[in-house]
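Engineer: Mind having a look at this structure? Questions to follow.
The values are calculated or read from the model by the stated rules, or taken from the named source; none is laboratory data. Being a predicted model, the structure only gives us computed values, none of them experimental. Reconstructed Cβ throughout: ideal geometry from the backbone, glycine too, with neighbour counts over all protein chains shown. Only protein heavy atoms, including side chains, enter the accessible area calculation; ligands, DNA and RNA are left aside. Shrake-Rupley method; radii C 1.70, N 1.55, O 1.52, S 1.80 Å.
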Amino acid sequence: MKTDKVDKNKKANKPYSRRKYWAAFAVGILWGVLITFICGFLYLRYSLIKVTPSRLEFMDTFQHLAANIPKQHPGWTVKPQTCVPPTAPDRSRLKIINLCNRKLAAELLRNPADRKVSAMIPCAMAIYEAQDGQVYVAKLNVGLIGWLLGGNPGRIFPKVVAPDQQRMLNDIKKYEPESKQ
């Protein structure tokens, strides 16, 4: 008689414990999705635009990039800006240069499915002066964009365009002393 009561209690508790485990599993999945979304959002927010401090003054940075990119990086041309940016409220200076490599652009646009990347051609770099007088060069992280898009842009942007752009900025990059730890 006692065994019948124990069996009934075990059977009665089983569905409840299954529901409890499924609910805990669902809550865990939801938390995982939420945390992944937040981390992805924060990663993209801080990685989508790359900013490089310049060791040169504002006009020197602009002139150096405009003059030296076509000379030192075959295939790349510097185009004048097509849209004049407005003056910043603090009167800091801002110039935009457009970079184009016809060979890479043709390769990117060869596949009809990849032609959406024409919205990012030509590549742009913004040279701006911060309130403290430091000059920066900002550019889109084309390596990350390529990785997100996949396909032909996923091959060309991270493996060709991003390294080329990094080499273009190496001459003007402000080298900061390494911290002693």
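Engineer: For residues that are open to solvent by less than 80 Å² (accessible area, probe 1.4 Å) and modelled with pLDDT of 70 or more, scanning just segment 1-33, find the one that is nearest to I145 (Cα to Cα).
Structural biologist: Per the stated criteria, the residue is G32.
Engineer: Run I172 past the list (1) open to solvent by less than 50 Å² (accessible area, probe 1.4 Å); (2) farther than 19 Å from K103 by Cβ; (3) at pLDDT 90 or above and report the number of the one that doesn't hold.
Structural biologist: Status for I172: all satisfied but (3).
Engineer: Scan (1) closer than 24 Å to Q131 by Cβ; (2) out of contact with any helix residue (DSSP H, G or I) (no Cβ under 8 Å at 6 or more places or on another chain) for the single condition R93 breaks and write down its number.
Structural biologist: Going through the list (1) closer than 24 Å to Q131 by Cβ; (2) out of contact with any helix residue (DSSP H, G or I) (no Cβ under 8 Å at 6 or more places or on another chain), R93 breaks only (2).
Engineer: I would also like to ask the following. Go over the candidates Q166, Q131 one by one and state the one that is without any contact (Cβ under 8 Å) to a residue 12 or more places away in the chain and among the polar types (S, T, N, Q).
Structural biologist: On inspection, the qualifying residue turns out to be Q166.
Engineer: What residue, of T52, T61, T36, is surrounded by 10 or more Cβ atoms within 10 Å (Cβ to Cβ), modelled with pLDDT of 90 or more and in contact with a helix residue (DSSP H, G or I) (Cβ under 8 Å, 6 or more places away or on another chain)?
Structural biologist: T52 is the lone residue from the list that is surrounded by 10 or more Cβ atoms within 10 Å (Cβ to Cβ), modelled with pLDDT of 90 or more and in contact with a helix residue (DSSP H, G or I) (Cβ under 8 Å, 6 or more places away or on another chain).
Engineer: Something else about it: If you go through segment 117-128 one residue at a time, do you hit one that is more than 28 Å from Y43 (Cα to Cα) and surrounded by fewer than 12 Cβ atoms within 10 Å (Cβ to Cβ)?
Structural biologist: Among the residues of segment 117-128, not one is more than 28 Å from Y43 (Cα to Cα) and surrounded by fewer than 12 Cβ atoms within 10 Å (Cβ to Cβ), which makes the answer no.
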